[in-house]
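Just so it is clear, none of the values below were taken in a lab; they were calculated from the coordinates. This one's a predicted model, so the numbers in the text were calculated from it and none came from an experiment. Note: ideal-geometry Cβ built from the backbone for every residue, glycine included; neighbour counts use all protein chains shown.
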Amino acid sequence: MAKLLLILIIGLIFESAGVVSLKIGITQIGDMKKVSVVEIVRIVKTGATNVNVLLGVFCEAVFFASLLILMAKSDISFLWPLTGLSFVFATFAAMWFLHEQVSFVRWTGVVCIMIGAALISYSEHGKAKPPPPSATVVADVTPP
C-alpha cells in the first residue's frame with residue numbers, strides 16, 4: 001500500500017503543478033473579448049503555443065497516467081476519495097506560487113478534506129486480506 005500512496009502523492013504533485021501552470025498560461029493569454037469563432041480560434045491557437053499551458057497539460061497527463069496505474073491496482077472506493085487531496089495540494093500551490101490569499105473558511109475545508117482522506121486511508125488497514133493463493137496440483141489422468 002505504501003507504493004500506491006507514493007504513486008498517488010507523486011500524481012497529486014503533478015496535478016497541482018499542472019493546475020498552477022494552466023492558471024499562469026491562461027492568465028497570460030488573457031480574457032475572451034467576445035464569444036465568437038474568431039476569438040475562440042485565437043484562444044485555442046494561443047493556448048496551443050503557450051509554454052505554461054503546454055506544461056500544465058503535460059503535468060495533468062502525468063497525473064492521469066498515475067491515476068490509471070492506481071485504478072488498476074486498488075479499489076476505487078479507496079482511491080477516488082483520496083484524489084480529493086488534490087484540493088489540499090492545489091491550495092498550498094496557489095498560496096505559494098500564485099500568492100493567493102486563503103481564507104479561514106477555505107482552510108477549514110482543507111482540514112476537513114485531510115481528515116476525510118485520513119479516515120479513508122485508515123479504513124484500508126482494517127480491510128480483510130485475501131488468503132495467499134494455494135498451490136494446486138492437477139493430476140495427469142489419461143484414459144487407458
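Relative to the dominant Cα principal axis of the chain, helix 85-97 is inclined by about 30°. Taking Lys and Arg as +1 and Asp and Glu as -1, the other residues whose beta-carbon sits under 13 Å from that of GLU39 total +3.
In the chain, a dipole from Cβ-located charges (positive for Lys and Arg, negative for Asp and Glu) runs towards its positive end, and of VAL35, ILE120, ALA2 it is VAL35 whose Cα lies farthest in that direction.
For the chain, what does the relative contact order come out to in percent, with C-alpha contacts under 8 Å and a separation of six or more? The normalised contact order for the chain reaches 28 percent. With the helix formula -39500 (n - 2.57) applied to DSSP H stretches of n ≥ 4, the chain reaches a computed 222 nm mean residue ellipticity of -25000 deg cm²/dmol.
Computed from point charges on the beta carbon alone (+1 for Lys and Arg, -1 for Asp and Glu), the dipole magnitude for the chain about its Cα centre is near 280 Debye. Quick one: helix 51-73 against the long Cα principal axis of the chain, what's the angle to the nearest 10°, folded into 0 to 90? The answer is roughly 20 degrees. Phi angles of segment 27-35 translate, via the Karplus equation with coefficients 6.51, -1.76, 1.60 and θ = phi - 60°, into HN-Hα couplings of 5, 5, 5, x, 6, 6, 6, 7, 8 Hz per residue; Gly and Pro are given as x. Farthest toward the positive end of the dipole of the chain, out of SER66, LEU79, THR91, is the Cα of THR91, where the dipole comes from beta carbon charges about the Cα centre. For GLY30, neighbours were defined as the other residues whose beta-carbon sits under 11 Å from its Cβ, and their charges (Lys and Arg +1, Asp and Glu -1) total 0.
Return one number: the angle in degrees, 0 to 90 and rounded to the nearest 10, between the long axis of the Cα atoms of helix 37-49 and the longest principal axis of the Cα atoms of the chain. Relative to the chain, helix 37-49 is tipped by roughly 60 degrees.
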